[in-house]
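No lab work stands behind these numbers, since they all come straight from the coordinates. Note that the structure is predicted; figures quoted are calculated from it, not measured. With ideal geometry, Cβ positions are generated from the backbone for all residues, glycine too; neighbour counts draw on all protein chains shown.
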Amino acid sequence: MPIRVLSDVLVARIAAGEVVERPSAVVKELVENALDAGAHDIRIETVDGGKRLIRITDDGEGIRSEEVVRAFVHHATSKLQDIDDLQQIRTLGFRGEALASIAAVAQVACLTRHIDEKMGTLLRIDNGQILLQEPQGRPAGATMTVEHLFGRVPARLKFLKTNQTERGYIDGMVMRYALAYAHVRFTAVHDGRMSLQTMGGGEMRDVLVEVFGASVAEKMAPVDGGAGGAGIADGEEWSARGGTRVRGYAALPGTDHGNRSKIMMFVNGRPVQDTRLSFAVVQAYHTLLMVGRYPIAVVMIDVPPDQVDVNVHPAKAEVRFRDADGVFSAVQRAVRAALLAHMQPPEPPSVFRRAAEGEFAGSVTPLTDAPVAAFAPVGEGGDLPQHAWQPPLAGSETWERIGISRLGSDRPAITLPQRSDAVPARAASGLPALRIIGQLAASYIIAEGPEGLYLIDQHASHERVMYEKLLAQHELGAVQSQALLDPLPVEVPLDAAALLEERMGWLRDVGFDIDFFGGNTFLVRAVPQMMQQDDIAAALREIVSELEMGSEPLRAEIERKILRRVCKRMSIKAGRVLSFPEMQALVRDLEACDSPRTCPHGRPTMVQIGVAQLEREFGRT
Ligand code: ADP
Ligand code: MG
């Protein structure tokens, strides 16, 4: 083929792919434009995950009628005038690419009126071709309607995910801007159903309640710190004096997430994805979170505009700092300080308390619901307080759950799985018959067997027992569930709501019956049998983070993960005093397991000390 210069329309369509990858990218660009235009009220509507329609309505300053067409030309912007401005970007947009790119790959209608003008303008563009421009009235502001995105770019369209998944991405985007711009009122409506509404009252905490739910928001500590900018006067911006300011909220240990997606970072009001910055937040939680758990945090970093380059990525999601190390440590210190200032000193588990008080009765009192400082933090500098108390028990999961806090004492102490006829008989496990001797530290069962002494971790073994039982039921498609007397409302992070709604069928297969309730709230009607009431909300949130990490082909693996989570939640905890028959039932069930020596997560369920080893220890050999 001869070499030819491509037509403008084709060039635009190719270039558009860089800026608008999917519906959420369109939402991002249009919301940024509304914010740059000084809007206080922004409404986002979508149909079919944004594939069919995206409409953003704002009350900003609007576009002058003689400029409306120019706004849709490539590299047309009102936000940069000359090359020096690139050093001092204070707006979210500056490339003049978004409207042109969007209009190249969709049917766009722009209805806008500039605040100084009497009459507004309606402009229609169909995949790069202007169809119509006419005067039309409306209040000051702009409404951008984008229909049939990628309708003429089938290759792109094919790569979009399901409507629910795309909707989740959009909600993820909207919730970030709603958090960063708490003084702006955001409304998001999908397929006629409202998913988010913020008040625009200026308080980030109010928005946190909307996007994470009150139960998470109330466990978040305010972050306010920074570095540099010496001699800051009260109320003065750190960044104005060359400093780095770090603000936001960080969830206390115990309120966490199964992946990194709820670490939300902003630089000068711009949501960014930066592995290094989110690592700074993770670092701030050093020793405070369990392995595999990640913080929930919203961290806004303000730096002088000339200290950061936002022009490294077409979607402006990446940034470069002049002093990356300085910013990293400012973030880490500010978040760490917030956590330490708001964490309660840890309480020893109740079992030990009661033993110390001399009223050890065998039943376990509930722990307080105080935000849990589960592990004594290791201070890094002399300036940080250190908690003296160290957990006396190694190996137990989280102290917050020790003592199985909210269980009523009239409940049977443990519900061990009954053998169901539906479950096929299991092969003998190779675990010898064990004679139970007693319990150690309310966490380990001491038993004797042909090979000596066995110390059995009660939590890990119960997990194993439950897991094999649930797995067998699941393979037969017969996970038994139990209806709740009162359906339980559970809040999940807003951007996960669509995903959870889409995957409700998977959850049904593992014993959950859940209905969408509204916003980010779901109603749990039934749960796998034997699951404790007080674990449901936490278990569901963990399941959501599992779902976030997987896609359709991994269904079986994810369902197994969900089952493992459920088991972990349901299992008797360390710190629980067991009766002799309870210990016996547990060990018998463990003996019947396929893999009795490890828990479903692969950790050992037991430690064995052979007679020969004992003899060595006692110097007999
Ligand atoms: P950029 O935001 O990088 O300048 P865009 O293509 O997103 O580029 O927008 C082009 C121009 O159109 C903006 O510079 C702004 O002047 C105008 N504009 C776009 N959206 C709006 C809006 N919602 N309200 C007012 N002006 C707008
Ligand atoms: Mg823009």
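For Lys79, the lysines whose Cα comes closer than 28 Å to its Cα, not counting residues fewer than 8 places off in the same chain, are Lys28, Lys118, Lys316.
In plain terms, the chain from Glu501 to Arg90 could stretch by 144.1 nm, reckoned as 0.36 nm per residue minus the Cα-Cα distance.
For Arg616 and Ala585, the difference between the fully extended length at 0.36 nm per residue and the C-alpha to C-alpha distance is 7.9 nm. Measure out, as a whole number of angstrom, how far apart the alpha-carbon centroids of segment 7-58 and segment 273-290 sit. That distance is 31 Å. Taking 7 Å steps out from each Cα toward its Cβ at Met1 and Leu484 produces label points 5.8 nm apart. If R0 is 41 Å, what FRET efficiency do you get for Asp325 and Leu157 from their C-beta distance, rounded to 0.05? After rounding, the FRET efficiency stands at 0.40. Given +1 at the Cβ of Lys and Arg, -1 at the Cβ of Asp and Glu and no other charges, the dipole of segment 482-570 around its Cα centre is 360 debye to the nearest 20. With a Förster radius of 45 Å applied to the beta-carbon distance between Val607 and Arg508, the computed FRET efficiency rounds to 0.70. Cut-off under 19 Å on the C-alpha distance; same-chain residues fewer than 8 positions from Lys561 excluded. Which lysines are left, in chain and number order? Of all the lysines, those that pass the test against Lys561 - Cα under 19 Å, at least 8 places apart if same chain - are Lys469.
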